[in-house]
1. I need the full set of residues from the range 223-266 which are in contact (Cβ under 8 Å) with a residue 12 or more places away in the chain, part of a loop (DSSP other than H, G, I, E, B) and out of contact with any helix residue (DSSP H, G or I) (no Cβ under 7 Å at 6 or more places or on another chain), in order please.
2. Could you check the range 57-88 and list, in sequence order, the residues that are free of Cβ contacts under 8 Å to residues at least 12 places away in the same chain and closer than 25 Å to GLN47 by Cα?
3. Would the range 159-182 turn up any residue that is hydrophobic (A, V, I, L, M, F, W, C), touching a residue at least 12 places away in the same chain (Cβ under 8 Å) and in a helix (DSSP H, G or I)?
4. Pairs only if they're at least six apart or on different chains, beta carbon under 9 angstrom, first in the range 206-221 and within 20 Å of PHE253 (Cα to Cα), second part of a loop (DSSP other than H, G, I, E, B) and aromatic (Phe, Trp, Tyr); list them, first residue then second.
5. Quick check: is even one residue across the range 221-243 of a type in the set (Gly, Ala, Ser), closer than 18 Å to THR167 by Cβ and surrounded by fewer than 18 Cβ atoms within 10 Å (Cβ to Cβ)?
6. Can you pull out the residues in the range 73-93 that are surrounded by 15 or more Cβ atoms within 10 Å (Cβ to Cβ) and of a type outside the set (A, V, I, L, M, F, W, C)?
7. Could you tell me which of the residues LEU108, LEU144, LEU161 is farther than 15 Å from LEU243 by Cβ, crowded, with 21+ Cβ neighbours inside 10 Å and touching a strand residue (DSSP E or B) at 6+ places or on another chain (Cβ under 7 Å)?
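Here, each number is a calculation from the coordinates, and none is a lab measurement. In this text, all values refer to a predicted model and were calculated from it rather than measured experimentally. Cβ placement follows ideal geometry from the backbone for every residue including glycine, while neighbour counts extend to all protein chains displayed.
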Amino acid sequence: MASGNESIKKTILVALALCLVCSIFVAAAAVGLKPIQKANKALDRKQNILAAAGMLEPGKSVDELFKRVETRIVNLNTGEFATPEELKAAGINPQTYDQKAAAQNPKLSRALPADEDPADIKRRAKYAPVYLVMSGDKINKIVLPVHGYGLWSTMYGFIALKNDYSTVVGFGFYDQGETPGLGGEVDNPNWKALWKGKEVYNNQGKPVIRLVKGGVNNASPDAIHEVDALSGATLTSRGVTHLVQYWMGKHGFGPFLAKLRSKGVQ
């Protein structure tokens, strides 16, 4: 009997030792791979920004192409570029700032009431990164991060505008969990191409761009503000409309873009 107990103890000890060794290897691998993961994440972000701006070139280095892009931080409460002093006080590095993480930090964000949250994001960060494609000292294009809820997931993407700050250059999501073949078609290059040349704002400066069920009637005067909805994905399409209108509106980048039109880069 004692021999049986000793055998069980040995088995348990061996199992524990094996678990400990495996844990050490897994932890070491996680720590060792973290810098590579961070670098890959930064590279992917740059690639998606360049793709939205129509700047990706086969055979060209993403880092090299991104040298034409200037990253700035905008205070969404004021609609102004954040000053270096302001960023220092908030502990923000423009090159590494994570808007998604900031939205969960009560000091860097605020909860949104339902009537102010058509994109269903719950909390909005006080600061947001913007990406300026410069031509000399003038903005040629601007790329803005947008996000909002679809049917199953929060969709994260970028919208790029010409320097009239209304005409769409490109649009796409880099993170979404919508239904493949339906809402997941937000990743379809053919659908993303439909956004190019569309106008975000009407003559009164209101963001009216939207997805239209059944397809856009090109004979309609509103066609310039409309994109074909995703077939069989009503809720995802509605979510895309809501998130774009929110981020281009008065609680998102609207005030900032209006100031850029009137004052330019400061």
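1. Of everything in the range 223-266, those that are in contact (Cβ under 8 Å) with a residue 12 or more places away in the chain, part of a loop (DSSP other than H, G, I, E, B) and out of contact with any helix residue (DSSP H, G or I) (no Cβ under 7 Å at 6 or more places or on another chain) turn out to be SER231, GLY232, GLY249, GLY264, VAL265, GLN266.
2. Passing the criteria: GLU57, PRO58, GLY59, LYS60, SER61, GLU64, LYS67.
3. Looking through the range 159-182, none of the residues is hydrophobic (A, V, I, L, M, F, W, C), touching a residue at least 12 places away in the same chain (Cβ under 8 Å) and in a helix (DSSP H, G or I).
4. Final answer for the pair search is ILE209/TRP195.
5. yes
6. ASN75, GLY79, GLU80, GLU86
7. LEU161
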